[in-house]
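Take a look at the structure set out below.
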Amino acid sequence: MRSEPVVQADALVKRYGEKTAVDRLDLTARAGVTAVLGPNGAGKTTTVELCEGYHRPDAGTVRVLGLDPVRDSRELLPRLGVMLQSGGVYSGARAEEMLRHVARLHAHPLDVGALIERLGLGSCGRTGYRRLSGGQKQRLALAMAVVGRPELVFLDEPTAGLDPQARRATWDLVRELRTDGVSVILTTHHMDEAEQLADDVAIIDAGRVIAQGSPEELCRGGAENTLRFTGRPGLDIASLLKALPTDSAAAELTPGAYRVTGTVDPQLLATVASWCAQNGVMPDRISVERHTLEDVFLELTGKELRG
């Protein structure tokens, strides 16, 4: 597996008039699957397009597989697979003929028939592109991105608009690409997709990478866990705080629903249970919840991730 980064961006800047879409962004993506997350308008699409060579940066540098994506495009493009939301397909072309055309452009393409079957495109192979459903167009764009056996694939929202079965098939294909040594950069609006597929996650906001690491590392970056319990409303939170470790916090979120945050371990759980017993509180429910990637995203950006 490749040891040097597949993508290295340093102090990357891209402006459109007075708007700065990418603002001195630093990003390192290594072999494997890197998920790029960000709220709408954060700059993630522009960042990926700079990496693909569709735009020239106004400042900073970007290297993809060690090459400049604009200056070295002739050498780089045969090694890349790119999936676009717009599909990149001639509107009058039939799905299968377009895929076979793309396959012929590569020296050692995947078996087109097997790929069509794998992604459920068999029933629409002779259908013109403009008559395909949104999900069929999405699967065709994915097939076109991977059919040439690229070293690096850029996938833009690969499961947008897909039904659950097609979504799982796409996940399996991404996992197989990784197993075969293909690196993947994917943008997604699905937190579970990033958690399931990504070795590394980069969160972009206001044109910069504000956090990067494995899903496990990012989830450990905030509160380790959250303990919740329910009981009668109006419990003495000040008294509970005195019993808890100094790095803990407690709050009654809604009447009778309580949250304790901090380093949640067996000792803290025992402390909360002991306090409840001493104060005549019989909790209806006690649960320990792991900090999720969505929690981290909301804390960092203050926004929900929506398509």
### Task
Let me have the 222 nm mean residue ellipticity of the chain computed from DSSP H runs of 4+ only, each contributing -39500 (n - 2.57), with the sum over all residues rounded to the nearest 500.
-9500 deg cm²/dmol
### Query
Taking the chain as a Gaussian network, where each spring joins two C-alpha atoms under 10 Å apart, which residue of Gly231, Gly125, Gly38 fluctuates the most?
Gly231
### Message
Angle check, please: helix 266-278 long axis (alpha carbons) against the longest principal axis of the chain (alpha carbons), in degrees 0 to 90, nearest 10.
### Response
40
## Note on the structure
Mean separation of Cα contacts under 8 Å (at least 6 apart) over the residue count of the range 178-286, i.e. the relative contact order in percent, is 23
### Task
Check each of the trypsin sites (Lys or Arg not before Pro) in the range 106-158 and keep only those in coil by DSSP with at most 10 other C-beta atoms within 10 angstrom; list them in order.
Arg126
## Note on the structure
For the chain, percent of DSSP beta bridges that are antiparallel (nearest 5) comes out at 70
### Task
Work out, step by step, the length gained on full extension between Leu253 and Glu176: first 0.36 nm times the residue separation, then minus their alpha carbon distance; give nm to one decimal.
23.4 nm
### Query
Tell me, what does the Kirkwood hydrodynamic radius of the range 48-88 come to in angstroms if you use every pair of distinct C-alpha atoms?
10.7
### Summary
Length-normalised contact order of the chain, Cα under 8 Å, at least 6 apart, in percent, tallies to 19
### Task
Mind giving me the nanometre distance, one decimal, between the label points for His101 and Glu299, set 7 Å out from Cα along Cα→Cβ?
5.0
### Overall Cα dimensions of the range 74-168, principal axis frame, Å, largest first
35, 24, 23
### Query
Given the Cα atoms of the range 223-290, and with Rh set as the inverse mean 1/r over their pairs in the Kirkwood sense, what is Rg to Rh to two decimals?
0.90
### Query
Among the lysines, which fall within straight-line cross-link reach of Lys44, defined as a Cα-Cα distance under 25 Å, with same-chain neighbours fewer than 8 residues apart omitted?
Lys14, Lys19, Lys137, Lys303
### Task
Note the full-extension length gain between Arg74 and Asp192 as 0.36 nm times their separation in residues minus their Cα-Cα distance, in nm to one decimal.
38.9 nm
### Message
Mean-square fluctuation check for the chain, GNM, Cα pairs under 10 Å: which of His101, His190, His291 is largest?
### Response
His101
### Sorted peptide list for 142-152, 244-254, criterion being average Cβ within 10 angstrom, highest first
142-152, 244-254
### Task
With a point put 7 Å past each Cα toward its Cβ, work out how far Arg220 is from Val288 in nm, to one decimal.
1.6
### Helix 164-179 axis, angle to the chain major axis (alpha carbon atoms, nearest 10°)
80
### Query
Tell me, what is the percent relative contact order of the range 41-115, built from C-alpha pairs under 8 Å that lie six or more residues apart?
17
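Laboratory data are not the source of any read-out in this text; all were calculated from the coordinates shown. A quick note: this is a predicted structure, and the numbers were derived from the prediction, not measured. All Cβ positions, even for glycine, are placed from backbone atoms using ideal geometry, and neighbour counts span all protein chains on display.
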